[in-house]
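What follows is one structure encoded as structure tokens, with my remarks underneath.
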Amino acid sequence: AFSDLDHEITLSENIFYALDGQDATQAGFQPGESVRVRDLVYGVMLPSGAECCLALADEVSGSEEAFVEKMNQRSAGLGMTNTHFVNCNGLDTEGHLTTARDIALMSRELITKYPQIEDYSTIWMENITHTTAKGSSEFGLSNTNKLIRQYEYATGLKTGSTSGAKFCLSATARKDGVNMIAVVMAEPDSKTRIKDAIAMLNYGFGKCSIYQDEKALEKIVYAEVKHGMQEKAKGETLEGFRYVDTSGSDLSAVEKEVQIQKQTAPVKKGDQIGEVIYRLNEKTIGSVPVYATEGVGELTFGGAFLKILEEMMV
């Protein structure tokens, strides 16, 4: 919604009226203060500032209600079948529900589609400058996600705690190219949620390993072409191959085979002419298509005549 993270949003009095009397954590911004979008995101990600959530929701959709409607539409699209949002900041209220699985789905979407969130979720402390009618002053925001300090592979992501939900955490980490998500909810205290999240992440990293082949083809391949102006069509792959193993297999045993099919003219550029097949212990684990990099036209009578003349002249 914001291409300019330095865009400023003025925090209205209504935001603070809405939070009055609620057990809401705030980042410390003041009514009437103009705050950069990036600082509001820091306010959301580090101390779970409820006023920052409301300010961003108002700016994006005009009201919290309209923004929450978008939240529910988006969550449904992600397959979060047991989630229903009533507010934008996660405070306890009737009908505001989710599950660990759904939070994991949402977290996966966030870190894959917007990897720059890591610039915020991995920060331990950030200094923010207040600019109000009383002048400018600096204050610090600290991350409630202690995993950042206690787990060397941690990349985020977000804590949450209310009297109803207790202590929750969507924990993300990266090790040896593997990104892992562990979600814990309704923990009795913040120390337990960190301990349990670390145990889950360690279990995941112990079970998962990645096979990656950046270049499926090491050399140019050709497909034979019948009735074509040329006898062969050059082929290439447009992508590499990744496979996540959760069984503890020896991934050095992965074998690959290039299979190219004979073609009949005409062959268009971009037509699939074969595939690279990957196998582990004789079981196919995936494949990458091979596409023609050039077209081969159908051999006409005139073309055949010219071809014969060329061969005679050689």
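Over the chain, the fraction of Cα-Cα pairs per 10 Å bin, rounded to whole percents and listed from the shortest bin up, is 5, 19, 23, 17, 13, 11, 7, 4, 1, 0.
Across segment 118-161, the volume of the C-alpha convex hull divided among the residues equals 85 Å³ per residue. If R0 equals 41 Å, the separation of the Cβ atoms of THR10 and THR99 corresponds to a calculated FRET efficiency of about 0.70.
In the distance distribution for segment 218-293, Cα-Cα pairs more than 20 Å apart total 39 percent.
Scan the chain and report its longest stretch carrying no trypsin sites (Lys or Arg not before Pro) that are both in a DSSP loop and have at most 15 other Cβ atoms within 10 Å. Don't skip to the answer; put the middle values down first.
Details: sites that count: LYS134, LYS215, LYS219, LYS262, LYS268, LYS269.
Excluding the exposed sites themselves, the longest stretch runs over 1-133.
For the chain, what does -39500 (n - 2.57) per DSSP helix run (n ≥ 4), summed and divided by total residues, give at 222 nm, in deg cm²/dmol to the nearest 500? Intermediate results must be reported in sequence, preceding the final value.
Working: 9 runs with 95 residues, N = 314.
Rounded to the nearest 500, it is -9000 deg cm²/dmol.
On a per residue basis, the chain carries 58 Å² of accessible surface, using protein heavy atoms and a 1.4 Å probe.
Which residue, SER209, LEU251, PRO188, has the largest displacement toward the positive end of the dipole of the chain when charges sit on each Cβ (Lys, Arg +1; Asp, Glu -1)? Towards the positive end, the residue furthest out is LEU251. Remark: C-alpha extents of segment 1-90 on the principal axes read 37, 34, 24 Å, sorted largest to smallest.
With all protein chains present, how much of the accessible area of segment 186-301 (probe radius 1.4 Å) comes from carbon and sulfur, to the nearest whole percent? Please list the in-between numbers first.
Details: 3490 of 7250 Å².
Solvent-exposed carbon and sulfur of segment 186-301 make up 48 percent of the total.
Here's the picture: charge each Lys and Arg Cβ at +1 and each Asp and Glu Cβ at -1 in the chain, and of VAL290, ALA223, GLN272 the one pushed furthest to the positive end of that dipole is ALA223. The solvent-accessible area of ILE260, taken with every protein chain present and a 1.4 Å probe, is close to 60 Å². For HIS84, the accessible surface of its heavy atoms amounts to roughly 90 Å² (probe 1.4 Å, protein chains only, rounded to the nearest 10). Within the chain, the selection of entire DSSP H helices by a Cα span of 15 Å or greater along the long axis and an average Kyte-Doolittle value of at least 0.5 returns 50-61, 301-313. Expressed in Å, the radius of gyration and Dmax of the Cα atoms of segment 101-234 are 23.2, 83. Legend: distances between Cα atoms for LYS113/LYS283; LYS219/LYS262; LYS158/LYS215; LYS113/LYS191; LYS215/LYS283; LYS158/LYS195; pairs beyond 24 Å are LYS113/LYS283; LYS158/LYS215; LYS113/LYS191.
For a Förster distance of 51 Å, can you work out the FRET efficiency between the beta-carbons of LYS234 and ASP23, rounded to the nearest 0.05? Could the numbers behind the result be given before it?
Numbers: r = 66 Å, r/R0 = 1.30.
Calculated value: 0.15.
Taking K and R as +1 and D and E as -1, what net charge do the other residues with C-beta under 13 Å from the C-beta of SER63 add up to?
-4
Between THR300 and SER63, the modelled label-to-label distance comes to 6.7 nm, taking each label 7 Å out from Cα in the direction of the beta carbon. If only the Cβ of Lys and Arg carry +1 and only the Cβ of Asp and Glu carry -1, the dipole of segment 218-270 around its Cα centre is close to 460 debye. In this label model, THR246 and ARG149 are separated by 3.3 nm, measuring between points 7 Å along each Cα→Cβ vector. Under a Gaussian network description of the chain, with springs only between Cα atoms under 10 Å, the residue in ASP92, ASP196, ASP20 that fluctuates furthest is ASP20. Using Cβ point charges alone (K and R +1, D and E -1), the dipole size of segment 244-305 about the Cα centre works out to roughly 180 debye. Which one of HIS84, PRO31, ALA104 is farthest out on the positive end of the charge dipole of segment 1-116, using unit charges on Cβ (Lys, Arg +1; Asp, Glu -1) and the Cα centre as origin? Among HIS84, PRO31, ALA104, the one farthest towards the positive end of the dipole of segment 1-116 is ALA104.
Multiply the residue separation of HIS130 and LYS226 by 0.36 nm, subtract the distance between their alpha-carbon atoms, and state the gained length in nm to one decimal. It would help to have the intermediate numbers written out before the result.
On the way: separation 96, 0.36 × 96 = 34.56 nm, distance 7.36 nm.
The HIS130-LYS226 span can extend by a further 27.2 nm.
When only the Cβ of Lys, Arg, Asp and Glu is charged (+1, +1, -1, -1), the dipole of the chain relative to its Cα centre reaches about 960 debye. Extension gain for ASP196 to GLU257 (0.36 nm times residue separation, less C-alpha to C-alpha distance): 17.7 nm. Residues whose amide H lies under 5 Å from that of GLN30, counting only those 5 or more places away or on a different chain, are absent; hydrogens are built 1.01 Å from N in the peptide plane.
The values are calculated or read from the model by the stated rules, or taken from the named source; none is laboratory data. As the structure is a prediction and not an experimental result, all values here were calculated from the model. Because the Cβ atoms are built from the backbone with ideal geometry, glycine has one as well, and the counts that use them run over all protein chains shown. Accessible surface areas use protein heavy atoms only, side chains included; no ligands, DNA or RNA. Shrake-Rupley method; radii C 1.70, N 1.55, O 1.52, S 1.80 Å.
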